[in-house]
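Enquirer: A single structure is presented below for examination.
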Amino acid sequence: MHINLDALYGSLTIKTNAKLALIVLDGLGDIALPSQNYLTPLEAASTPNLDKLAKQSAQGRLIPVAPGITPGSGPGHLGLFGYDPLEFQVGRGVIEALGLDVDLKAGDVAARANFCTLNDKKIVTDRRAGRIATEVTQDLCALLSKRIKKIGDTEVIIKPGKGHRFVVVFRGKGLEGPLTDADPNREGLPIPVCKPTNAKSAKQKKAAKLIGDFYKQALPILAGKHPANAFLMRGIAHQPDIPCFDERYQLRAACIAVYPMYKGLAQLVGMKKIEGMETIADQFKRYVAEYDNYDYFFIHYKYTDMYGEDGNFEAKKKAIEDFDAALPIFLSKRPDVIAITGDHSTPCAIKGHSWHPQPVLLNSACSGTDKLERFTETGANIGSLGVFESKYLIRLMQANAKMFDKFGA
């Protein structure tokens, strides 16, 4: 007999005054190698504040999607929000567009894009164009927007993001995603042609042709630029229908993030987006200021993932130490339940997302303690939470907040 777990959890949910906070150090998980003295950046970092919290907490490891599957940031975060990433599949373009305050309409197809560098043989030599400054991206997007306003009967909306990232939205009739990426996902290859994922879909075929036509018009405009003389597009899709967070969990939720994509993910499930921060200390200060206005806070920290993708062990370690230094600001207004984890692992040795389960720390008055001195991958391996799918983390947070009635007699 099939049991609808979401319906069961919903029937047991009790509305309380508890405060819950999920802190996501993006790409936190890593792997220990001989070349790194058998340490991960989290293990090598000096984290006195996390250490103190760890001694009062339970630990474990999270599987973001399923064993062996490497997640994107979208599936990674949706799992943490309690939405099965295999059931709720969202294109990255939609997430990024929402985070940049693009008012998506029914039928819009959005793509997450980033400027890159091509050599004279049209081979991608740098997928991030040297991580050009946001101001450069703004200028390039303004140039493209001025020259390309429509393709046939379809409006083209181009909006800059942070760093080398931007969004392109195609607004017209008869469009649909998802499409394959116009991104080789590694250097040393040309930009692949975007194709429908369903060869029988006329709407996807039209959208794929639009992407091809957009490239034909846009690449000549960028040809003389350096290092950003081209761009990649991925996560090309339309907006899906997803149940609202507050109705699903009986929690008023707020997002405290800097990068547009994570704001978009939060908006997608109905969280309130809080703006105007740059550093993790700023984010924690906003959390303190907004503490009385929400029941659930999602706080996102980007730099652990960024330096993991660069393969920079020392910088990832330093990012963790910077986070730890700011943590007392957050703990000055301590919520009833704290969860600290990553949305996925980004090992420095791999220079990208991976399938390795990420460590998780859970703290509440009834979480118990695993008597571990630190929050690390090694400690998490023996923690009482064990290894479980990330979609259940919010349910454990609710349980620790005493938000569930007893099941059965």
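Rule-based calculations on the coordinates, nothing more; no lab input. Quick caveat: nothing in here was measured; it's all calculated off a predicted structure. Backbone-built Cβ (ideal geometry, glycine too); neighbour counts: all protein chains shown.
Enquirer: Using only the alpha carbons of segment 1-58, what is the convex hull's orientation-averaged projected area in square nanometres?
Expert: 8.0 nm²
Enquirer: Return the ratio Rg/(2.2 N^0.38 Å) for segment 95-237, where Rg is computed over Cα atoms only. Numbers along the way, then the final one.
Expert: Values: Rg = 14.1 Å, N = 143, 2.2 N^0.38 = 14.5 Å.
In units of the 2.2 N^0.38 Å rule of thumb, it is 0.97.
Enquirer: Say each of Ile31 and Ile221 gets a label point 7 Å from the Cα, pointing the same way as Cα to Cβ; how far apart are those two points in nm?
Expert: It works out to 4.2 nm between the two label points.
Enquirer: Continuing with the same structure: If each residue's Cβ is checked for other Cβ atoms within 10 Å, how do Ser384, Ser57 rank with the fewest at the top?
Expert: Fewest-to-most Cβ neighbours within 10 Å comes out as Ser384, Ser57.
Enquirer: Kindly provide the pair-distance distribution of the chain built from C-alpha pairs, with 20 Å bins from 0 and whole-percent values in order of increasing distance.
Expert: The calculated distribution, bin by bin, is 27, 56, 17, 0.
Enquirer: Can you give the FRET efficiency for Glu275 and Lys200, using 1/(1 + (r/R0)^6), R0 = 45 Å, r = Cβ-Cβ distance, to the nearest 0.05?
Expert: Here the calculated transfer efficiency is 0.60.
Enquirer: If neighbour count is taken as other Cβ atoms inside 10 Å, put Lys225, Lys146 in order from fewest to most.
Expert: Lys146, Lys225
Enquirer: Something else about it: What are the ³J(HN,Hα) couplings of segment 161-172, residue after residue, when phi is run through the Karplus curve with 6.51, -1.76, 1.60 and θ = phi - 60°? Round to Hz, x for glycine and proline.
Expert: x, 9, x, 8, 8, 7, 10, 10, 10, 9, 10, x
Enquirer: Next question, about the same structure. With axes computed from alpha carbons, what is the tilt in degrees of helix 134-147 against the longest principal axis of the chain, rounded to the nearest 10 within 0 to 90?
Expert: In the chain, helix 134-147 runs at an angle near 40 degrees to the longest axis.
Enquirer: Would you mind ranking Met261, Met403 by Cβ crowding within 10 Å, fewest neighbours first?
Expert: Details: Met261 29, Met403 23.
Taking fewest neighbouring Cβ atoms as first place, the list is Met403, Met261.
Enquirer: Pairs Lys105/Lys263; Lys273/Lys318; Lys146/Lys203; Lys263/Lys285; Lys371/Lys402; Lys105/Lys206: which are spaced more than 20 Å apart, C-alpha to C-alpha? Show your work: numbers first, answer last.
Expert: Numbers: Lys105/Lys263 18 Å; Lys273/Lys318 28 Å; Lys146/Lys203 27 Å; Lys263/Lys285 18 Å; Lys371/Lys402 23 Å; Lys105/Lys206 18 Å.
Pairs exceeding 20 Å: Lys273/Lys318; Lys146/Lys203; Lys371/Lys402.
Enquirer: Which order do peptides 298-307, 19-28, 35-44, 68-77 fall in by mean Cβ count within 10 Å, highest first?
Expert: 19-28, 298-307, 68-77, 35-44
Enquirer: Cβ neighbours within 10 Å, averaged per peptide: list 262-270, 181-189, 129-137 in order, most packed at the top.
Expert: 262-270, 129-137, 181-189
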